[in-house]
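Working notes, structure below.
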């Protein structure tokens, strides 16, 4: 079945990428209609679920998983659709906290592929969906196959014209925050990006947001008002954090002592948003606490080993980089080293300005993916030298060689950080958790 899975992945990857089609001149509503046509061909598998729809720039993946684990702890049959995957495609579709099997992936792809073939025969090549749209449809089919009742559904990119916005009115909508990212697709300012993201707000679906900027929060509130629904603003909490091995611990005023494996002060805010949604859904406090403790997501502030401590984090915009730096300060470690790779369409200079001063040694590299196109390692080194001409940098064309080089520079008391791209983080993560482990055990982690 592994060979069938590899073939199915190749066929799916032959479809256009999100950047490839959204950067064309067509109005993006065309792509939403194309998703609707695919779902109609599949007999509308987007219907029949209780959905929590989660968008925003930063934290939406973490909130998606917090809520997924909370619902699972409540005894609900729950699915999650997240993106991107960091190692292998089955990661995008979870049922009761576990990735789907390779057999189910192939089963779902065969159904979607036949639907695509029928659409293309009727309407021409433009009817073929993107990779993301097709896998979204596959996930919905599998949720029905396994009688899932709840879905925590992460927006792929933007909101209004995202494939996930084909769902009927969700039970709750989350917009974590709005920062600058995917600007070539969504707009050059936070205001423009916000106008796209609020497009997921539907009538009679209560809205939760962690956005603090008054102007952006006003845009969310106005859309909520237009849709005749209520907006709840969740403020960033100011709890004292204690790091305990691979966990973070804090005292919550209503729930008592909470722990999570998702590290960093920014995760306090993500957890608080998830808690407020769970309370709105009238889920039990015990389930909320258990879900917060158990929630995990690959390559987000993930500790892979000790002595030296290796932390991988796919921070890929300035806001996420700032969150990563705040986390690193909690470790109180003198020497830190980094392996950095960044996709070509990101805010490279802004990210490097923040990252470079934190590290004793830095090796630039790039992930071995074609889409999204990585910035060549030598180009990152050139930009870094322009920003910090008196600092020494290393360059490696292969990501795992970059890790080996930095490992030689570190002693057991140091920290090594892999960051700048989820794709780079995922590639180096396979040094500890290979694709074969995920496919054979249906476990994204070692324990």
Of the candidate values [x] 28; [y] 11; [z] 15, the one computed for percent of Cα pairs over 42 Å apart from this structure is [y]
Computed from the mean reciprocal separation of all distinct C-alpha pairs, what Kirkwood hydrodynamic radius does segment 247-313 have, in Å? 12.7
Compactness index (Cα Rg / 2.2 N^0.38 Å), segment 302-429: 0.94
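Tell me whether segment 63-163 comes out rounded, prolate or oblate; compute the Cα gyration tensor, take square roots of the eigenvalues as a ≥ b ≥ c, and use a/c under 1.5 as the rounded threshold.
Prolate, since a/c reaches 1.5 and a/b exceeds b/c.
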Please order 259, 166 by the number of other Cβ within 10 Å, starting at the fewest. 259, 166
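Where does the chain land at 222 nm, in deg cm²/dmol rounded to the nearest 500, when only DSSP H runs of n ≥ 4 count, each adding -39500 (n - 2.57), divided by all residues?
-13000 deg cm²/dmol
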In Å, the Kirkwood hydrodynamic radius from C-alpha pairs for segment 236-393 sits at 17.4
Taking neighbour counts of Cβ atoms within 10 Å as a proxy for exposure, in what order, fewest first, do 412, 104, 313, 126 appear? 412, 126, 104, 313
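Quick check: from the Cα gyration tensor, does segment 133-231 come out rounded (a/c under 1.5), prolate or oblate?
It comes out oblate by the Cα gyration axes.
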Rounded to the nearest 5, the percent of DSSP beta bridges in segment 232-367 running antiparallel is 75
Which percent, nearest 5, of DSSP beta bridges in segment 2-297 are antiparallel? 40
Looking only at 51, 30, 63, which one moves most when the chain is put into a Gaussian network model with springs between Cα atoms under 10 Å? 30
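Relative to the compact globular guide of 2.2 N^0.38 Å, what is the alpha carbon radius of gyration of segment 390-444, as a ratio?
Segment 390-444 yields a ratio of 1.35.
Under the classification rounded if a/c is under 1.5, otherwise prolate if a/b is larger than b/c and oblate if not, where does segment 190-234 fall, given a ≥ b ≥ c as square roots of the Cα gyration tensor eigenvalues?
It is oblate, given that a/c is not under 1.5 and a/b is not larger than b/c.
With an 8 Å Cα cut-off and a minimum separation of 6 or more residues, compute the relative contact order for segment 2-297 in percent.
Relative contact order for segment 2-297 comes out at 24 percent.
Taking the Kirkwood radius as the inverse of the mean 1/r across Cα pairs, report the Rg/Rh of segment 34-75.
A ratio of 1.11.
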Expected max-MSF residue from 271, 319, 137 in the GNM of the chain (alpha carbon, under 10 Å) is 319
Relative intensity, log₁₀ I(q)/I(0), of segment 291-356 from a Debye sum that treats every alpha carbon as a point, q = 0.21 Å⁻¹: -0.99
Would you mind telling me which residue in 66, 403, 393 has the biggest mean-square fluctuation in a Gaussian network model of the chain, where springs connect alpha carbons within a distance under 10 angstrom? 393
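Please compute the volume of the convex hull spanned by the alpha-carbon atoms of segment 180-283 and report it per residue in Å³. Numbers along the way, then the final one.
On the way: hull volume 12.6 nm³, N = 104.
Spelled out: Cα convex hull of segment 180-283, divided by residues, is 121 Å³.
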Sort 83, 301, 436 by Cβ crowding within 10 Å, fewest neighbours at the top. 436, 83, 301
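Laboratory data are not the source of any read-out in this text; all were calculated from the coordinates shown. If you're wondering where the values come from, they're calculated on a predicted model, not measured in any experiment. Here Cβ is always computed from backbone atoms with ideal geometry, including for glycine, and neighbour counts include all displayed protein chains.
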